[in-house]
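K.L.:
Before I ask anything, here is the structure I am working with.
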Amino acid sequence: MTKIAVLVSGGGTNLQALIDAAARDALAGGVLDFVLSSNPDAYALTRAQSAGIDTSVLRRRDFADAEQYGAALDAQLRVRDIGLIVLAGFMTVLPDSFCRKWENKILNVHPSLIPSFCGEGFYGLRVHEAALQKGVKVTGATVHFVSEVVDGGAIILQKAVEVAPDDTPETLQKRVMAQAEHILLPQAVALFCQGRLQVCDGRVQIADECETERSVSND
């Protein structure tokens, strides 16, 4: 069993996708143990409480610097014996020291096909605004491990979504959520909980894929 903490800041639709997956026993032994929000008014807290999940609020403004915030967050997670952290619309940048302590144990979902439209300043509707301004025909979502570099960790899963000619940032955001984010995130969590994710030279290999590659190379 892997205890999962989900970090949120807003509405929590990706959290809801995980809650729904857990109800279907689709998290491969993963248990949604804890939801922590950086925003006391986040609707994601209501979603968690309705699902019977313990919640907490930790605001960055209540700490002198990012290191103190990271230490407080780390303490809350370790006392609960958390094995996986999922960032689901968490709008607070985690300090490097925290990312190193939890290396390859933090997943994030980003609303583009990384390396496009990612990094500092690319979040929420800004990502979709940039995609539409560029005129891309295909966008999507990425689930990746979190590293010290914003959106720079090893990629786990990606899924493409077509851009419609009449899309607005809002309509594109909804489609990417429904067709990619809400599908990929539970899948990635299940793969982690199954112990099937390995990071080699900055790239993620999925266990079954590794076995297939070895079989082909030996033939």
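K.L.:
Residue by residue through segment 78-94, note down the ones that are at pLDDT 95 or above and out of contact with any Leu (no Cβ under 8 Å at 6 or more places or on another chain).
P.N.:
If the condition is that a residue be at pLDDT 95 or above and out of contact with any Leu (no Cβ under 8 Å at 6 or more places or on another chain), then 78, 79, 80, 81, 82, 83 are the ones that fit.
K.L.:
I would also like to ask the following. Please work out if residue 202 is at positive phi and modelled with pLDDT of 95 or more.
P.N.:
no
K.L.:
Something else: Which of the residues spanning segment 154-163 are in contact with a Gly (Cβ under 9 Å, 6 or more places away or on another chain), part of a strand (DSSP E or B), of a type outside the set (D, E, K, R) and open to solvent by 20 Å² or more (accessible area, probe 1.4 Å)?
P.N.:
158, 160
K.L.:
So, one more: Could you tell me whether segment 57-71 includes any residue that is closer than 18 Å to residue 185 by Cα and of a type in the set (A, V, I, L, M, F, W, C)? Break it down stepwise before answering.
P.N.:
First pass over segment 57-71, keeping only residues closer than 18 Å to residue 185 by Cα: none.
So far as segment 57-71 goes, no, none of its residues is closer than 18 Å to residue 185 by Cα and of a type in the set (A, V, I, L, M, F, W, C).
K.L.:
Read through the list (1) of a type in the set (Gly, Ala, Ser); (2) under 18 Å from residue 88 (Cα atoms); (3) open to solvent by less than 50 Å² (accessible area, probe 1.4 Å), then give the number of the only condition that residue 178 fails.
P.N.:
So residue 178 meets the others, but not (3).
K.L.:
Continuing with this model, one more query. Exactly one condition in (1) among the small types (Gly, Ala, Ser); (2) on the phi > 0 side of the Ramachandran plot; (3) in contact with a Pro (Cβ under 6 Å, 6 or more places away or on another chain) is not met by residue 66; state its number.
P.N.:
(2)
K.L.:
So residue 151 fits all but one of (1) modelled with pLDDT of 95 or more; (2) closer than 20 Å to residue 199 by Cα; (3) buried (at least 16 other Cβ atoms within 10 Å of the Cβ); what number is the exception?
P.N.:
(1)
K.L.:
Still on this structure, I have one more. Which one of these does residue 89 not meet: (1) within 23 Å of residue 56 (Cα to Cα); (2) in contact with a His (Cβ under 6 Å, 6 or more places away or on another chain); (3) not aromatic (Phe, Trp, Tyr)?
P.N.:
(2)
K.L.:
Among the residues of segment 8-27, is there at least one that is closer than 19 Å to residue 80 by Cβ, open to solvent by 50 Å² or more (accessible area, probe 1.4 Å) and either in contact with a helix residue (DSSP H, G or I) (Cβ under 9 Å, 6 or more places away or on another chain) or not in a helix (DSSP H, G or I) (or both)?
P.N.:
No, segment 8-27 contains no residue that is closer than 19 Å to residue 80 by Cβ, open to solvent by 50 Å² or more (accessible area, probe 1.4 Å) and either in contact with a helix residue (DSSP H, G or I) (Cβ under 9 Å, 6 or more places away or on another chain) or not in a helix (DSSP H, G or I) (or both).
K.L.:
In addition: Restricting attention to segment 116-144, which residues are among the charged types (D, E, K, R) and either under 14 Å from residue 174 (Cβ atoms) or touching a helix residue (DSSP H, G or I) at 6+ places or on another chain (Cβ under 7 Å) (or both)?
P.N.:
129
K.L.:
Applying the selection to segment 17-46, what residues are over 20 Å from residue 76 (Cα atoms), touching a strand residue (DSSP E or B) at 6+ places or on another chain (Cβ under 8 Å) and either modelled with pLDDT of 95 or more or not small (Gly, Ala, Ser) (or both)?
P.N.:
Once the filter is applied, which keeps residues that are over 20 Å from residue 76 (Cα atoms), touching a strand residue (DSSP E or B) at 6+ places or on another chain (Cβ under 8 Å) and either modelled with pLDDT of 95 or more or not small (Gly, Ala, Ser) (or both), segment 17-46 yields 18, 19, 22, 27.
K.L.:
Another question, then. Condition first: touching a residue at least 40 places away in the same chain (Cβ under 8 Å), in a helix (DSSP H, G or I) and either among the basic types (Lys, Arg) or exposed (fewer than 13 other Cβ atoms within 10 Å of the Cβ) (or both). Can you find one or more residues in segment 164-173 that meet it?
P.N.:
yes
The values are calculated or read from the model by the stated rules, or taken from the named source; none is laboratory data. Every value quoted in this text rests on a predicted model; they were computed, and no experiment measured them. Cβ: placed from backbone, ideal geometry, glycine included. Neighbour counts: every protein chain shown. Accessible surface areas use protein heavy atoms only, side chains included; no ligands, DNA or RNA. Shrake-Rupley method; radii C 1.70, N 1.55, O 1.52, S 1.80 Å.
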